[in-house]
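Report on the structure given below.
Quick note: the coordinates plus some simple rules give every number you see, no bench work behind them. Here the structure is a predicted model, which means the values were calculated and not measured. Reconstructed Cβ throughout: ideal geometry from the backbone, glycine too, with neighbour counts over all protein chains shown.
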Amino acid sequence: MLSHIGRSVKGNLRKAERLKQTMHVEIDRVTKIFGTLRANDGVSLSLESGRIYAILGENGAGKSTLMKILSGFMPADSGRILIDGQPAAYDTPAGALARGIGMLHQDPLDVHNLTALENFMLGSPEGLLPDRRTARKRFVEQVQRLGFVLSPDTYVDQLTIGERQQLEIVRLLSLGAKLLILDEPTTGISAEQKDMLFGSLKRLAREAGLTVVLVSHKLEDVEALCDEVYVLRRGRVVGHRTLPQPTSELVALMFGGDVQRAPRVPASRGSIVLQVRDLTIPSRRLVVHNLSLDVYAGEVVGLAGLDGSGQREFVRACAGLQAGSEGRILLDNRPVNGASYHRLASRGVAYAPAGRLEEGLVAGLTVTEHFALVTPGGLWIDYRAVQSVAEERITRYNIRGRPENPVQTLSGGNQQRLLLAMLPSRLKLLLLEDPTRGLDVESTAWVWRQLLDRRNNGTAIVFISPDLDEIMDYSDRIAVFCDGRVTILDDPSTCTVEQLGRLIGGKSA
Ligand SMILES: Nc1ncnc2c1ncn2[C@@H]1O[C@H](COP(=O)(O)OP(=O)(O)O)[C@@H](O)[C@H]1O
Ligand SMILES: [Mg+2]
């Protein structure tokens with residue numbers, strides 16, 4: 001009898017707790033600018049208790065930035081967060097959590113020498129000191145309530161990514177999170193763990209009134225879990241829908257299928273320049289598996305895919321920069337596996353990395369010195385001759401800068417022009433990573449005029465880009481990388497941005 005009363009009191013308490021949990025969070029015209037990039041551009045959205053929201057968008061759309069602002073990791077440049085109609089002024093993650101907003105990061109914290117229980121106790125109001133037995137009881141209860149499988153005594157560094165995630169969720173909830181943000185939580189966890197996670201989140205939303213915000217570029221995850229979706233593109237909210245919706249509708253919003261394409265000048269393909277056979281690149285995660293691809297003289301092959309889908313490793317393997325790849329790579333029918341970058345360069349292969357200043361150019365060296373670097377003979381050469389080469393290229397490539405300017409003082413567009421100006425004029429194979437990253441429309445068009453000139457003169461060009469418009473506009477063929485698999489589209493003109501987006505997002509076209 002007593003225990004029965006106890007239970008009903010507890011039940012009422014829980015009900016009261018649930019009512020108390022009701023919270024309305026509004027993001028109001030949030031803008032965040034990095035340099036010249038508007039990562040968030042006047043973003044507004046509204047989040048109610050008990051509902052599961054998706055923030056959907058392709059890589060670079062601004063999702064993580066927005067969530068870092070919402071969770072106190074980063075200040076906005078302008079705009080506000082409102083909680084229950086009142087402006088919330090927190091500027092740290094702890095401050096956000098005190099207001100009930102907790103975020104689970106893409107890479108959960110590592111506290112190596114602690115057990116799951118110790119990690120759980122850490123950061124709890126009482127700290128590590130108080131009653132371990134009470135904490136253990138609370139931990140086990142929470143884990144069970146959420147339907148997780150997690151032993152309190154396992155050391156954190158022994159846990160899988162999925163288990164660390166569960167631990168982090170348990171911890172955030174016990175610290176009073178009423179709005180839980182999960183940034184790309186299904187990357188690196190098993191299908192089983194994903195089902196468990198989604199099941200728990202649904203129950204938490206329905207039964208405890210938790211607000212869940214799932215940040216994802218994966219349509220299937222959004223469709224499996226969420227009640228509503230906000231679609232972000234280039235820092236702006238381009239759509240807000242209640243789910244379910246036809247997949248094509250979401251893809252169109254994500255990728256902007258409305259864009260009209262200019263007719264492309266077709267390539268006149270020559271002979272095979274590059275043959276890749278059964279290329280496998282083992283790493284912590286399998287990024288390239290049994291990939292075969294032929295690239296012909298005079299064509300542009302665009303490599304599409306989300307960041308980390310193996311495009312970069314593939315290109316670097318072809319450039320002689322990726323150690324430990326298996327399979328065969330032939331250049332003009334001759335095997336070049338394991339050949340150094342310099343040997344490949346002497347055979348007409350060039351590679352331009354995405355990180356212009358980190359990898360392609362040398363900060364501290366001037367424009368002239370860069371031309372000296374790529375002149376045979378190295379730095380022991382006629383400096384005056386190099387100077388005049390530099391002046392001639394500056395004019396020809398329309399670089400806004402002087403020969404004596406250190407490269408780091410040039411703008412991004414001019415650095416990219418310099419990188420292109422430094423490439424040998426006759427190339428068999430040109431490998432490019434994100435050739436127009438950070439460039440304005442005009443510089444992008446200029447870069448592509450130069451590249452298409454080279455293509456028309458017989459150079460084979462392989463490029464990576466996160467920008468689907470760029471891939472569609474300039475590729476004669478497209479290779480889509482997703483989860484270690486590659487799909488080749490031989491005729492991009494028959495493919496829509498929606499189909500491409502779906503392939504990239506891990507759904508078959
Ligand atoms: N700390 C930063 N400094 C400079 N640029 C950044 C920073 N964080 C993100 N960005 C840029 O802002 C854009 C949006 O990034 P992000 O919010 O991480 O996108 P998403 O999570 O949707 O992939 C990207 O172009 C990214 O390169
Ligand atoms: Mg992100």
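Among 67, 121, the order by Cβ neighbours within 10 angstrom, fewest to most, reads 67, 121.
Apply 1/(1 + (r/R0)^6) to the Cβ-Cβ distance of residue 241 and residue 323, taking R0 = 45 Å, and write down the FRET efficiency to the nearest 0.05. According to the calculation, E is roughly 0.50.
Bridgeable aspartates and glutamates around residue 32 (alpha carbons under 14 Å apart, same-chain partners fewer than 8 residues away excluded): 41, 77.
Cα centroid separation, region 382-414 to region 154-188: 51 Å. Charging the Cβ of each Asp and Glu at -1 and of each Lys and Arg at +1, and nothing else, the dipole of region 366-423 about its Cα centre rounds to 200 debye. The dipole here belongs to region 23-255: it is taken about the Cα centre, uses +1 on the Cβ of Lys and Arg and -1 on the Cβ of Asp and Glu, and is about 380 debye.
Helices in the chain, meaning DSSP H runs of at least 4 residues, each add -39500 (n - 2.57). Divided by all residues, the mean residue ellipticity at 222 nm is -10500 deg cm²/dmol.
Kindly express, to the nearest 10 degrees and within the range 0 to 90, the angle between helix 191-208's C-alpha long axis and the longest C-alpha principal axis of the chain. For 191-208 against the chain, the angle is about 50 degrees.
Highest-first packing order for the peptide set 194-204, 93-103 is 93-103, 194-204, based on the mean count of other beta carbon atoms within 10 Å. Over 22 Å between Cα atoms, which of 137/202; 178/202; 194/218 qualify? Exceeds cut-off: 137/202.
Of the GluC sites (Glu not before Pro) found in region 179-238, no site is in coil according to DSSP while having at most 12 other Cβ atoms within 10 Å of its Cβ. Overall, the chain carries a charge dipole of about 580 debye about its Cα centre when +1 sits on the Cβ of Lys and Arg and -1 on the Cβ of Asp and Glu, all other atoms neutral.
Of the residues 139, 314, 271, the one whose Cα sits farthest toward the positive end of the charge dipole of the chain, with +1 on the Cβ of Lys and Arg and -1 on the Cβ of Asp and Glu, is 139. If the chain between residue 195 and residue 48 were fully stretched, how many nm would it gain, using 0.36 nm times the residue separation less the Cα-Cα distance? Stretched out fully, the residue 195 to residue 48 stretch lengthens by 50.6 nm.
If the chain linking residue 402 and residue 37 were pulled fully straight, counting 0.36 nm for each residue of separation and taking away their Cα-Cα distance, it would gain 128.8 nm.
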